[in-house]
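Novice: So that we are looking at the same thing, I have put the structure below in structure tokens.
The values are calculated or read from the model by the stated rules, or taken from the named source; none is laboratory data. The model shown is predicted, which means the values in this text are computed figures rather than measured ones. Methodologically, a virtual Cβ is constructed for each residue, glycine included, from the backbone with ideal geometry; neighbour enumeration extends over all protein chains shown. The area values use the complete protein model at the heavy-atom level, side chains included, leaving out ligands, DNA and RNA. Shrake-Rupley method; radii C 1.70, N 1.55, O 1.52, S 1.80 Å.
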Amino acid sequence: MAAPRSFTWSRRIFLTLLTGFVLVPVYVMVSSSLKPLADVTDKFRWLPSGLTVRPYIDIWSTVPLAKYFVNSLIVAGAATVCSVVIAVFAAYAVSRYEFRGKRVFTVTVLSTQMFPGILFLLPLFLIYVNIGNATGIALFGSRGGLILTYLTFSLPFSIWMLIGYFDSVPRDLDEAALVDGCGPLKALFRIVVPAAIPGIVAVAVYAFMTAWGEVLFASVMTNDTTRTLAVGLQGYSTLNDVYWNQIMAASLVVSVPVVAGFLLLQRYLVAGLTAGAVK
């Protein structure tokens with residue numbers, strides 16, 4: 001049965017407005033990144049009077065963007081790897097084994113997502129400073145401390161999501177592997193992990209995006225040496241001027257790894273987010 005014409009036109013109008021709502025800010029960002037600074041600070045024009053790629057060259061010298069880029073890659077990459085590895089073992093144990101406190105553990109893991117991140121800022125700051133004073137291990141102002149901080153946010157959701165995904169993998173596969181002589185770890189890596197690749201990819205993408213764009217903890221827990229991209233973009237705003245065209249250009253450059261990774265792994269991401277919801 002064909003839909004009424006009024007519904008069809010209403011849907012087209014709604015989708016057109018939604019597309020414009022999404023694409024107009026992107027167009028403004030791209031066009032502003034290709035304008036000289038004088039044109040950006042002047043009255044806004046939808047059609048630029050002149051285009052230049054100079055902002056994409058200057059962004060690397062105005063602030064040490066390359067150093068911030070490396071810091072973000074190291075922190076986000078390490079946080080992603082640690083989150084995935086720990087979440088796989090924790091979710092497998094919860095999914096396949098019965099132990100005392102299992103329900104308390106799962107409820108606690110999920111309940112941590114209810115608290116705002118700023119609630120943990122001062123406690124983590126004090127813990128890192130006290131550990132540094134007592135042991136000499138510099139967590140405050142280091143990449144390692146920032147990685148541990150991001151694990152506190154990405155791990156609970158990663159474990160919870162992988163528990164649902166592992167539950168959807170038939171236990172008969174584990175039992176068949178055990179009958180064939182595989183131990184629990186071998187069954188995990190040879191049977192369960194290959195079957196759970198979409199869920200693991202979804203967890204990895206979530207952990208990477210959480211660490212890549214985080215601002216609050218990175219602005220407090222880092223210094224000039226360990227500063228990440230999300231905080232480093234503030235360097236384009238000085239006491240004398242704000243380099244809006246360079247801010248737009250740097251924002252586009254910063255978003256390239258996340259957008260590219262999302263497009264490449266989109267198929268696995270959608271499957272991983274939905275497969276664990278239906279058993």
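Novice: Only one of these is modelled with pLDDT under 85 and closer than 30 Å to P116 by Cβ: P257, P170, P184. Name it. Talk me through it step by step, then tell me what you get.
Specialist: On the way: P170 fails: closer than 30 Å to P116 by Cβ; P184 fails: closer than 30 Å to P116 by Cβ.
The conditions single out P257.
Novice: Among the residues of region 7-24, is any within 28 Å of G235 (Cβ to Cβ) and either open to solvent by 70 Å² or more (accessible area, probe 1.4 Å) or under 31 Å from the mean Cα position of the chain (by Cα) (or both)? Walk me through it before giving the result.
Specialist: Of the residues in region 7-24, the ones within 28 Å of G235 (Cβ to Cβ) are 24.
Next cut, either open to solvent by 70 Å² or more (accessible area, probe 1.4 Å) or under 31 Å from the mean Cα position of the chain (by Cα) (or both) only: 24.
Checked region 7-24: at least one residue is within 28 Å of G235 (Cβ to Cβ) and either open to solvent by 70 Å² or more (accessible area, probe 1.4 Å) or under 31 Å from the mean Cα position of the chain (by Cα) (or both).
Novice: Of A38, A78, which residue is closer than 30 Å to V201 by Cβ, of a type outside the set (S, T, N, Q) and in a helix (DSSP H, G or I)? Break it down stepwise before answering.
Specialist: On the way: A38 fails: closer than 30 Å to V201 by Cβ.
Every option except A78 fails the conditions.
Novice: If you don't mind, another one. Is there a residue being farther than 25 Å from R143 by Cβ and either assigned to a helix (DSSP H, G or I) or not aromatic (F, W, Y) (or both) anywhere in region 230-238? Even if it seems obvious, please write down each step before you answer.
Specialist: Of the residues in region 230-238, the ones farther than 25 Å from R143 by Cβ are 238.
Still in the list and also either assigned to a helix (DSSP H, G or I) or not aromatic (F, W, Y) (or both): 238.
Checking region 230-238: at least one residue is farther than 25 Å from R143 by Cβ and either assigned to a helix (DSSP H, G or I) or not aromatic (F, W, Y) (or both).
Novice: With the requirement that a residue be in contact with a helix residue (DSSP H, G or I) (Cβ under 7 Å, 6 or more places away or on another chain), in a helix (DSSP H, G or I) and farther than 30 Å from G145 by Cβ, what does region 42-75 give you?
Specialist: P55, Y56, D58
Novice: Residue pairs, Cβ under 7 Å, 6 or more apart or interchain, first in region 206-220 and part of a loop (DSSP other than H, G, I, E, B), second among the aromatic types (F, W, Y). List them.
Specialist: E214/Y150
Novice: When region 171-207 is examined, which residues are found to be open to solvent by 50 Å² or more (accessible area, probe 1.4 Å) and closer than 24 Å to G77 by Cβ?
Specialist: Once the filter is applied, which keeps residues that are open to solvent by 50 Å² or more (accessible area, probe 1.4 Å) and closer than 24 Å to G77 by Cβ, region 171-207 yields F189, P194, I197, Y206.
Novice: Given the condition more than 15 Å from L162 (Cα to Cα), among the polar types (S, T, N, Q) and within 23 Å of the chain's Cα centre (by Cα), answer yes or no: does some residue in region 99-111 qualify?
Specialist: Taking every residue of region 99-111 in turn, at least one turns out to be more than 15 Å from L162 (Cα to Cα), among the polar types (S, T, N, Q) and within 23 Å of the chain's Cα centre (by Cα).
Novice: Return only the number of the condition from (1) modelled with pLDDT under 90; (2) among the polar types (S, T, N, Q); (3) surrounded by 12 or more Cβ atoms within 10 Å (Cβ to Cβ) that S61 does not satisfy.
Specialist: (3)
Novice: Another question, if that's okay. Pick from V129, V193, V104, V109: which is touching a Pro at 6+ places or on another chain (Cβ under 8 Å), among the aliphatic types (A, V, I, L, M) and assigned to a helix (DSSP H, G or I)?
Specialist: On the way: V129 fails: touching a Pro at 6+ places or on another chain (Cβ under 8 Å); V193 fails: touching a Pro at 6+ places or on another chain (Cβ under 8 Å); V104 fails: touching a Pro at 6+ places or on another chain (Cβ under 8 Å).
Answer to the selection: V109.
Novice: For region 119-167, which residues satisfy the criterion of being under 21 Å from T80 (Cβ atoms), open to solvent by less than 40 Å² (accessible area, probe 1.4 Å) and free of Cβ contacts under 8 Å to residues at least 24 places away in the same chain?
Specialist: The answer is L139, G144.
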